[in-house]
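S.K.: Dropping a structure here in structure tokens format, bear with me for questions.
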Amino acid sequence: MIVREIVDGVVLLSHAHVNCYLVEGRDGVTLVDAGLPSMWTTLLGTLRRRGWGSGDVKALVLTHGHFDHVGFASRAHRAWGLPVLIHSGDRRLAAHPYRYTPQRNRFLYPLTHPRSLPLLASMAAAGALGVKGVKAVKALEPGEALPVPGDLTAVHTPGHTDGHCVLHLPERDILLSGDALVTLDPYTGRKGPQIVASAATKDTRRAMESLEAIADTGATMLLPGHGTPWTGGARAAVELAIQEGEH
């Protein structure tokens with residue numbers, strides 16, 4: 001398990017190649033994505049060490065509804081009464097995080113990309129196969145500052161899923177890119193800026209088109225749902241992702 005403060009007040013929690021984040025604001029904490037179920041204990045310990053209690057966590061914002069981003073969402077909602085925000089296009093997916101149809105078969109695809117097998121095995125060991133969906137969600141509004149600590153603005157970036165959103169923190173010059181742009185693809189094992197493979201993406205063409213919205217943020221640092229932070233700027237990351245293309 002990796003816990004790392006990326007910049008002041010933005011903390012990365014990473015386990016089994018899956019990332020989620022704590023964003024601290026003046027009036028509390030926002031969680032961005034809910035990783036895998038096994039990350040719950042680490043979340044509690046991290047909050048405690050940073051001087052926050054459960055009552056200081058004001059919201060959980062999901063970039064999208066796949067199982068490896070919904071991991072402890074239901075538990076957080078039940079335990080803390082925590083509001084869970086997600087784009088309306090992914091409301092059903094958040095409730096049923098395994099019920100989606102990517103462009104290619106997500107079970108057979110890794111067999112032709114053997115570098116992915118250790119990554120996917122570690123995700124499974126961390127609880128990826130036992131995620132409970134969360135139904136009690138609220139729709140977030142893209143293009144507006146969200147009513148949560150940390151000054152986050154959602155930008156709709158469909159393709160990976162219908163309702164995928166990245167989260168821009170303009171005052172900190174950071175973009176939480178979810179799975180719209182990653183630096184490690186668990187389904188191929190490839191590193192570097194790219195969209196996620198068609199084995200876990202609904203519409204790769206649309207995902208490529210959404211890269212322009214990422215570039216338009218002008219953010220210097222990208223914090224992805226999988227892989228290490230990217231500090232070379234959004235435009236450069238998008239250019240590399242376009243070169244990498246679809247898989």
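What follows is calculated from the coordinates using simple rules that are stated; it is not laboratory data. Here the structure is a predicted model, which is why all the values come from computation and not from measurement. Neighbour counts are summed over all protein chains in view; Cβ atoms, including those assigned to glycine, are modelled from backbone coordinates with ideal geometry.
S.K.: Which far-off residues, 5 or more places away or on another chain, put their amide H under 5 Å from the one on residue 179, with H placed in the peptide plane?
M.R.: Counting only residues 5 or more places away or on other chains, the set is 225.
S.K.: With an 8 Å Cα cut-off and a minimum separation of 6 or more residues, compute the relative contact order for the chain in percent.
M.R.: Details: 612 pairs, mean separation 42.8, N = 247.
Computed value for the chain: 17 percent relative contact order.
S.K.: In Å, what is the Rg of the alpha-carbon atoms in segment 161-247, and how long is Dmax?
M.R.: 11.4, 35
S.K.: In deg cm²/dmol and to the nearest 500, what is the mean residue ellipticity at 222 nm of the chain if only DSSP H runs of at least 4 residues count, each as -39500 (n - 2.57), divided by the residue total? Intermediate values should be presented prior to the final figure.
M.R.: Values: 7 runs with 59 residues, N = 247.
Result for the chain, helices only: -6500 deg cm²/dmol.
S.K.: While we're on this one: For an R0 of 30 angstrom, estimate the FRET efficiency from the Cβ-Cβ distance between residue 216 and residue 41 and round to the nearest 0.05. Could you put the intermediate results ahead of the total?
M.R.: Details: r = 38 Å, r/R0 = 1.26.
For R0 = 30 Å, the calculated efficiency reads 0.20.
S.K.: Using amide H atoms built in the peptide plane, which far-off residues or other-chain residues are under 5 Å from residue 57 H to H?
M.R.: Hits under the 5 Å cutoff: 29.
S.K.: In the chain, how many lysine pairs have Cα atoms under 22 Å apart, counting only pairs 8 or more places apart or on different chains? Mind dumping the intermediate values first?
M.R.: Details: 58/132; 58/135; 58/138; 132/202; 135/202; 191/202.
Here the count comes out as 6.
S.K.: Turning to a different aspect of this structure: Quick one: which residues, 5 or more positions from residue 187 or on another chain, have an amide H under 5 Å from its amide H? H modelled 1.01 Å from N in the peptide plane, none for Pro or chain starts.
M.R.: 197
S.K.: Between segment 164-200 and segment 44-62, what is the C-alpha centre distance in whole Å?
M.R.: Segment 164-200 and segment 44-62 have Cα centres separated by 24 Å.
S.K.: To continue, here is another question. Stretch residue 8-residue 129 to full length: gain in nm at 0.36 nm per residue minus the Cα-Cα span?
M.R.: Details: separation 121, 0.36 × 121 = 43.56 nm, distance 3.35 nm.
So the chain would gain 40.2 nm between residue 8 and residue 129.
S.K.: Let me ask something else about it. Pop out the ³J(HN,Hα) list for segment 193-206 in order, Karplus 6.51 cos²θ - 1.76 cosθ + 1.60 with θ = phi - 60°, rounded to Hz; leave Gly and Pro as x.
M.R.: The phi angles translate into x, 5, 7, 6, 4, 4, 5, 9, 10, 6, 8, 5, 4, 5 Hz.
S.K.: Tell me, what HN-Hα J-couplings in whole Hz come from the Karplus equation 6.51 cos²θ - 1.76 cosθ + 1.60 at θ = phi - 60° for each residue of segment 133-145, using x for Gly and Pro?
M.R.: In residue order, the calculated couplings are x, 10, 9, 7, 10, 10, 6, 8, 10, x, x, 10, 4 Hz.
S.K.: Which option, [x] 25, 21, 21; [y] 25, 20, 17; [z] 38, 24, 15, is the value of semi-axes √(5λ) of the Cα gyration tensor in Å that was calculated from these coordinates?
M.R.: [y]
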